[in-house]
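Peer 1: Handing you a structure now.
What follows is calculated from the coordinates using simple rules that are stated; it is not laboratory data. Note that the coordinates shown come from a computational prediction; the quantities given were computed from them, not determined experimentally. As a convention, Cβ positions derive from the backbone with ideal geometry for all residues, glycine included, and neighbour counts pool all protein chains shown.
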Amino acid sequence: MSVTRAVQESAKPDPSRVSSSTNQYDGKADVVPSLTFHVLTDEVEKQDAMRLVTDSIAQQRQVASFSVIVHPVCLAGLVAGCASIYGLHAKRDLGTALIMISGLAIAYLAAVRLLTAQYIRLAEGLKWKQWITRPDGNEDYVLAARFGDEIIATLVLRIVASDAPAAASRSTKKTRSSSSAKGGSGIIRAWTTRYKYRGKGIGSDMLRLAVLTTRSKCGQDARVSFDPAHANSARPLPDLFNRSFIKREERALLTLGNAIAACDRGDSSFQTK
């Protein structure tokens, strides 16, 4: 099943950012590939879509590294160490003092790199096929946005029957099949957009598609929420370094609320091909 957006032109990627992609279509630089939305059924396509999810987990390392590097506690320790070295050696041998300070800075960055390497291990440890398989053997819905032939956004949606627990990924009970999902709800287990297409409204479109898909399966009153154990929920670092991730989750909740409100108003228009 695939759907194409009818109205939301503002979410289309900026052609100036994807000029290399447009040239391959009929050799016309002024032809922008279409932006389409799909519920994937092909295993290869699902694998490609889930690769975006694992990439997003690995990319969290950059955010975590920055949070550690600029954290006041860490910076205070670094500055104190540099000041001590300078005070002890600068008068006798300035060159040695500068070399030692440089070495301390390199060690500081190396320690941050080692500390945040856990995000890479989390990404490598995600077995996508097992992860999207529910206890009853059925699979979650993998929604995707395509720009031409390239998958640029992914959302993993689990339909949960009304008698199932809210945290679907932690449930050990078998859920009903999708045919008996009326009265159930939708749980978003993963949601990401390829890095260069972020900030263009595509992620919001994916949330609206998730809301519409859930309501088509469970009824117009069906609730949609993020799974507390979603793909990017792991926090391997101490809490004092997680402020950026907390803010991201707050923005995600706000965006989902706006998507639900848009669907309630009928502002989301996707047409079935």
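Peer 1: Estimate the FRET efficiency between ILE106 and ASP149 by the formula 1/(1 + (r/R0)^6), using the beta-carbon distance for r and 30 Å for R0, to the nearest 0.05. Spell out each step's value before the answer.
Peer 2: Working: r = 43 Å, r/R0 = 1.44.
So the FRET efficiency works out to roughly 0.10.
Peer 1: Moving to a separate point now. From the backbone phi of the range 111-125, what are the Karplus-calculated ³J(HN,Hα) couplings (6.51 cos²θ - 1.76 cosθ + 1.60, θ = phi - 60°) in whole Hz, Gly and Pro given as x?
Peer 2: Each residue of the range 111-125 in turn: 5, 5, 4, 5, 5, 8, 5, 4, 5, 5, 5, 4, 5, 5, x Hz.
Peer 1: Fewest to most neighbouring Cβ within 10 Å: what's the order for SER162, SER56? Display every interim value, and only then the final one.
Peer 2: Values: SER162 15, SER56 19.
Result, fewest neighbours first: SER162, SER56.
Peer 1: For LYS129 and LEU240, what is the calculated FRET efficiency with R₀ set at 30 Å and r taken between the beta-carbons, to the nearest 0.05?
Peer 2: Efficiency for this residue pair is about 0.25.
Peer 1: I've got another one for you. I need to check one value: relative contact order of the range 64-121, counting alpha carbon pairs closer than 8 Å and at least 6 residues apart, in percent.
Peer 2: 40 percent
Peer 1: Going by C-beta contacts inside 10 Å, put LEU114, LEU237 in order with the fewest on the left.
Peer 2: Least crowded to most crowded, the residues run LEU114, LEU237.
Peer 1: Moving on. Given all pairs of different Cα atoms, what value in angstroms does the Kirkwood hydrodynamic radius of the range 72-115 take? List each step's numbers first, then the result.
Peer 2: On the way: mean 1/r = 0.0929 Å⁻¹.
For the range 72-115, the Kirkwood estimate is 10.8 Å.
Peer 1: Oh, and also: If you stretched the chain out fully between LEU98 and ASP48, how much longer would it get, using 0.36 nm times the residue separation minus the C-alpha to C-alpha distance?
Peer 2: That works out to 13.2 nm of additional length.
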